[in-house]
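Engineer: Before anything else, here's the structure in question.
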């Protein structure tokens with residue numbers, strides 16, 4: 001009897017041990033345990049919602065997950081199952097503007113173990129972070145960043161990040177005073193299917209063509225005639241209206257231009273920092289063109305003091321302030337504006353013009 005009991009106990013322990021190993025194996029192979037692919041979509045109320053499942057297709061127009069295509073214009077971010085934690089960390093750092101930290105995190109990723117889906121993600125985070133590090137005055141030169149961004153575009157023509165990379169390359173070309181190459185990139189954006197980049201491409205083409213009034217006017221009018229009524233389109237319509245008024249003002253009709261710009265300043269919401277930086281820079285440009293130095297100074301100071309978070313427009317304002325302060329015999333303040341531009345935006349187009 002004792003032998004029987006002993007045998008039963010041994011068998012029970014054996015069954016338990018086998019069950020534990022089988023259970024562990026099932027956990028390893030179960031798709032419910034490991035994180036699935038995820039696509040985070042912007043919500044109208046703010047924030048984002050997540051769709052989980054298997055990503056089966058990626059293109060510049062969107063990502064297909066769990067059998068459903070999510071348009072790229074609605075995507076906040078994409079994550080992949082079993083991706084190294086450093087990728088997600090770098091993605092978070094990139095999205096919060098910590099570009100040097102993002103590059104540092106990626107340096108710890110073993111690229112030999114990346115999947116065909118995660119490698120383009122790593123390459124984009126690196127390319128975008130290098131571009132922004134350069135454009136914001138970091139240690140990366142526009143040439144170094146441009147080479148990495150161009151390689152990403154060439155190697156990943158089906159990435160959902162493609163349009164963002166094209167936009168960065170256009171900005172980097174502008175930074176090194178290659179407006180011809182910048183226009184090529186923004187022309188591509190203006191023809192894409194993603195409204196955010198399509199409209200920005202047209203806006204940038206117009207701003208780069210200010211010395212060719214018909215081309216600039218056509219670019220701005222293509223935005224103003226857009227029938228969509230979403231928030232993104234409405235923003236770009238305001239920006240196009242502002243820049244078209246700048247064009248009119250520097251081309252000769254200063255009074256009408258100033259009237260349009262001042263009316264927009266009085267009626268639009270100043271929480272829209274991008275718009276107001278555009279408005280005050282446009283106003284400054286019209287006054288400066290007509291040698292109204294004090295009015296120009298006041299306009300550009302609004303961007304400098306109130307809307308400096310808009311880096312590209314702040315750099316533009318600092319450049320013009322450095323010239324205007326000199327016209328007003330404020331040599332110390334002219335020097336401060338120059339020094340700020342060179343230290344904060346040393347890789348920018350505007351610093352290169354000093």
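The values are calculated or read from the model by the stated rules, or taken from the named source; none is laboratory data. This one's a predicted model, so the numbers in the text were calculated from it and none came from an experiment. As a convention, Cβ positions derive from the backbone with ideal geometry for all residues, glycine included, and neighbour counts pool all protein chains shown.
Engineer: Kindly check whether there is at least one residue in segment 302-314 that is in contact (Cβ under 8 Å) with a residue 12 or more places away in the chain, assigned to a helix (DSSP H, G or I), within 24 Å of residue 136 (Cα to Cα) and more than 26 Å from the chain's Cα centre (by Cα). Steps first, please.
Structural biologist: Of the residues in segment 302-314, the ones in contact (Cβ under 8 Å) with a residue 12 or more places away in the chain are 302-304, 306-307, 309-314.
Still in the running and assigned to a helix (DSSP H, G or I): 302-304, 306, 311-314.
Of the ones still in play, those that are also within 24 Å of residue 136 (Cα to Cα) are 302-304, 306, 311-314.
Within this subset, residues satisfying the condition of being more than 26 Å from the chain's Cα centre (by Cα) are none.
No, every residue in segment 302-314 fails to be in contact (Cβ under 8 Å) with a residue 12 or more places away in the chain, assigned to a helix (DSSP H, G or I), within 24 Å of residue 136 (Cα to Cα) and more than 26 Å from the chain's Cα centre (by Cα).
Engineer: Name the residue, out of 181, 169, that is within 25 Å of residue 134 (Cα to Cα), modelled with pLDDT of 95 or more and crowded, with 22+ Cβ neighbours inside 10 Å.
Structural biologist: Working: 181 fails: crowded, with 22+ Cβ neighbours inside 10 Å.
Going through 181, 169 in turn, the sole match is 169.
Engineer: Residue under question is residue 130, and the condition is that it be within 16 Å of the chain's Cα centre (by Cα), farther than 16 Å from residue 174 by Cα and outside any loop (DSSP other than H, G, I, E, B); does it hold? If you could, list the steps in order and put the result at the bottom.
Structural biologist: Numbers: within 16 Å of the chain's Cα centre (by Cα): yes; farther than 16 Å from residue 174 by Cα: no; outside any loop (DSSP other than H, G, I, E, B): yes.
Judged against the criteria, residue 130 is not a match.
Engineer: Follow-up. Can you confirm whether segment 264-271 contains a residue that is in contact (Cβ under 8 Å) with a residue 12 or more places away in the chain and crowded, with 24+ Cβ neighbours inside 10 Å?
Structural biologist: Scanning segment 264-271 turns up no residue that is in contact (Cβ under 8 Å) with a residue 12 or more places away in the chain and crowded, with 24+ Cβ neighbours inside 10 Å.
Engineer: Being without any contact (Cβ under 8 Å) to a residue 40 or more places away in the chain and closer than 25 Å to residue 166 by Cβ narrows it down to one of 252, 201, so name that one.
Structural biologist: On the way: 252 fails: closer than 25 Å to residue 166 by Cβ.
201 is the lone residue from the list that is without any contact (Cβ under 8 Å) to a residue 40 or more places away in the chain and closer than 25 Å to residue 166 by Cβ.
Engineer: Considering only segment 296-327, how many residues are exposed (fewer than 15 other Cβ atoms within 10 Å of the Cβ) and in contact with a helix residue (DSSP H, G or I) (Cβ under 8 Å, 6 or more places away or on another chain)? Lay out the reasoning, then the answer.
Structural biologist: As a first pass, look at segment 296-327 and keep what is exposed (fewer than 15 other Cβ atoms within 10 Å of the Cβ): 305-306, 309, 327.
Still in the running and in contact with a helix residue (DSSP H, G or I) (Cβ under 8 Å, 6 or more places away or on another chain): 306, 309, 327.
So the answer is 3.
Engineer: Of the residues 150, 216, 245, 202, which single one is part of a helix (DSSP H, G or I), outside the structural domain of residue 118 (by TED's automatic domain parsing) and surrounded by fewer than 23 Cβ atoms within 10 Å (Cβ to Cβ)?
Structural biologist: On the way: 150 fails: outside the structural domain of residue 118 (by TED's automatic domain parsing); 245 fails: surrounded by fewer than 23 Cβ atoms within 10 Å (Cβ to Cβ); 202 fails: surrounded by fewer than 23 Cβ atoms within 10 Å (Cβ to Cβ).
After ruling out the rest, the residue left standing is 216.
Engineer: Would you mention how many residues in segment 45-86 are at positive phi, loosely packed, with under 14 Cβ neighbours inside 10 Å and either assigned to a strand (DSSP E or B) or more than 21 Å from the chain's Cα centre (by Cα) (or both)?
Structural biologist: Just the residues of segment 45-86 that are at positive phi, to begin with: 46-47, 53, 62, 66-67, 82.
Going one step further and asking which of them are loosely packed, with under 14 Cβ neighbours inside 10 Å, we end up with 46-47, 67, 82.
When the remaining residues are screened for being either assigned to a strand (DSSP E or B) or more than 21 Å from the chain's Cα centre (by Cα) (or both), the result is 67, 82.
Residues meeting the conditions: 2.
Engineer: Taking only segment 248-268 into account, find how many residues are closer than 30 Å to residue 46 by Cβ and either touching a helix residue (DSSP H, G or I) at 6+ places or on another chain (Cβ under 9 Å) or part of a loop (DSSP other than H, G, I, E, B) (or both).
Structural biologist: 3
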